[in-house]
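Only one structure is covered here, and it is reproduced in the block below.
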Amino acid sequence: MSKRILSCMQPTSHLHLGNYLGALRNWVNLQDEPGSECLYGVVDLHAITQPYERDGLAQATREIAAAYIAGGIDPAKSAIFVQSAVPAHSELMWLLATMAQMGKLERMTQFKDKAGKNAERAGLGLFSYPVLMAADILLYKATHVPVGDDQKQHLELSRELASTFNTRFGVEHFVQPEPYIMGLATRVMSLADGTKKMSKSDPSEKSRINLTDDADTIRKKIKKAQTDAEPLPANVEGLEGRAGADNLVTIYAALAAVSKADVLKGREGQGWGDFKTELADLAVAHLEPITSRMRELLADPAQIDAVLRAGNEKANAIAEKTLSETRDIMGFWG
């Protein structure tokens, strides 16, 4: 094995087009790289750092797993596991927390964004979220972690904690993971506001295309997506300062697996009405098979649970070995 790749998503609301283009589709390609071992987690412990629906957590976990499988993750090639089913995540998080500096955690951008003006009243879980993320990664000695721009800071903390541990105990125990940034659409923006990232937490359903949306819903959302009064330009430079327009061209390019320049060829002066129709056709053709497969899987939760149990078993085998080694290095009894 030359690479061990780890990436995860929270079971909070539906996965959307941005999750698929920016992450999931790339994960599918990674599992076929020679010499790579892939583990893909559903990180439900992260999901409870903010208010959540207790009765819906297990089903939300199944839905994320179903999206993984429907999107192309093959359980025969990649382990799909649930974070809370691997107790070593929580224990390693505590061990690493003894080495994490408060000042660095306070500067984490996502904590500032999520806590807002109520930082002093935010829960410890939200504050220490990056330490748990570091534990998620270091527990499996992952060599590469697919990340978006908003997660680079957390990955850097993981690298720092790995280095701190290794230096403190004079060992080469934890691997310092490398970021894996790939794909044409690493940052898909909101359909309602091209200056904001497409997000599951956005209160407006019109801002995103969910993987569970039917064809009619997808078409309606794209038809109402933000653009501007100017038609499509002749080149990529003509998209500068036009956030909504650039976002739709970016989405088209990612779905078609071509460059934005290729999308614009022959379309100079085209109106957004025709372009949105073409984009909607492309999106529906691409997403409908995923949506249909998700429905099949969610209609048979026992099938999803069997996949998760197998993935949990594999994840626990790796995690327990790392945790046992970590405890020995730190000098614990037993």
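The values are calculated or read from the model by the stated rules, or taken from the named source; none is laboratory data. Bear in mind the structure is a predicted one, so any value in this text is a computation, not a measurement. Cβ placement follows ideal geometry from the backbone for every residue including glycine, while neighbour counts extend to all protein chains displayed.
Mind telling me which of the residues E33, E53, E63, E91 ends up being out of contact with any strand residue (DSSP E or B) (no Cβ under 6 Å at 6 or more places or on another chain) and within 19 Å of D305 (Cβ to Cβ)?
On the way: E33 fails: within 19 Å of D305 (Cβ to Cβ); E53 fails: within 19 Å of D305 (Cβ to Cβ); E91 fails: within 19 Å of D305 (Cβ to Cβ).
Every option except E63 fails the conditions.
Could you please find all residues in segment 29-45 being of a type outside the set (S, T, N, Q) and modelled with pLDDT under 95?
L30, D32, E33, P34, G35 - these are the residues of segment 29-45 that are of a type outside the set (S, T, N, Q) and modelled with pLDDT under 95.
Answer yes or no: is there a residue in segment 224-233 that is in a helix (DSSP H, G or I) and either more than 30 Å from A97 (Cβ to Cβ) or charged (D, E, K, R) (or both).
Scanning segment 224-233 turns up no residue that is in a helix (DSSP H, G or I) and either more than 30 Å from A97 (Cβ to Cβ) or charged (D, E, K, R) (or both).
Name the residues in segment 60-78 that are of a type outside the set (A, V, I, L, M, F, W, C) and part of a loop (DSSP other than H, G, I, E, B), would you?
Of everything in segment 60-78, those that are of a type outside the set (A, V, I, L, M, F, W, C) and part of a loop (DSSP other than H, G, I, E, B) turn out to be G72, D74, P75, K77.
Conditions tested, residue by residue: (1) part of a helix (DSSP H, G or I); (2) small (G, A, S); (3) touching a helix residue (DSSP H, G or I) at 6+ places or on another chain (Cβ under 8 Å); (4) crowded, with 23+ Cβ neighbours inside 10 Å.
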residue	(1), (2), (3), (4)
N29	yes, no, no, no
C38	no, no, yes, yes
Y52	no, no, no, no
A58	yes, yes, no, no
S90	yes, yes, yes, no
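Is it true that G238 is more than 26 Å from the chain's Cα centre (by Cα), over 16 Å from H16 (Cβ atoms), assigned to a helix (DSSP H, G or I) and assigned by TED's automatic domain parsing to the domain that holds R267?
The answer is yes for G238.
Six or more apart or on different chains, Cβ atoms under 8 Å: show the pairs whose first residue is in segment 283-298 and in the same structural domain as A257 (by TED's automatic domain parsing) and whose second is surrounded by fewer than 18 Cβ atoms within 10 Å (Cβ to Cβ) and not in a helix (DSSP H, G or I).
T291/D214
Cβ contacts < 6 Å: first residue assigned to a loop (DSSP other than H, G, I, E, B), restricted to segment 148-163; second residue of a type in the set (D, E) and at pLDDT below 85, any location; separation 6+ or different chain. Result?
Hits for this filter: zero, empty list.
For segment 169-221, what are the residues that are over 19 Å from L24 (Cβ atoms), aliphatic (A, V, I, L, M) and assigned by TED's automatic domain parsing to the domain that holds G241?
Within segment 169-221, just A215 meets the criteria.
Here is a list of conditions, (1) in contact with a Gly (Cβ under 9 Å, 6 or more places away or on another chain); (2) at pLDDT below 95; (3) of a type in the set (S, T, Y), and S78 meets all of them except one; can you say which number that is?
The single condition S78 does not satisfy is (2).
Suppose we keep only residues that are in contact with a Leu (Cβ under 7 Å, 6 or more places away or on another chain) and surrounded by 22 or more Cβ atoms within 10 Å (Cβ to Cβ) within segment 239-248. Which one would you say is nearest to E278 (Cα to Cα)?
Here the residue is L248.
I'd like the residue in segment 299-321 that is among the polar types (S, T, N, Q) and touching a residue at least 60 places away in the same chain (Cβ under 8 Å) and, out of all such residues, is surrounded by the most Cβ atoms within 10 Å (Cβ to Cβ).
Out of the qualifying residues, it is N312.
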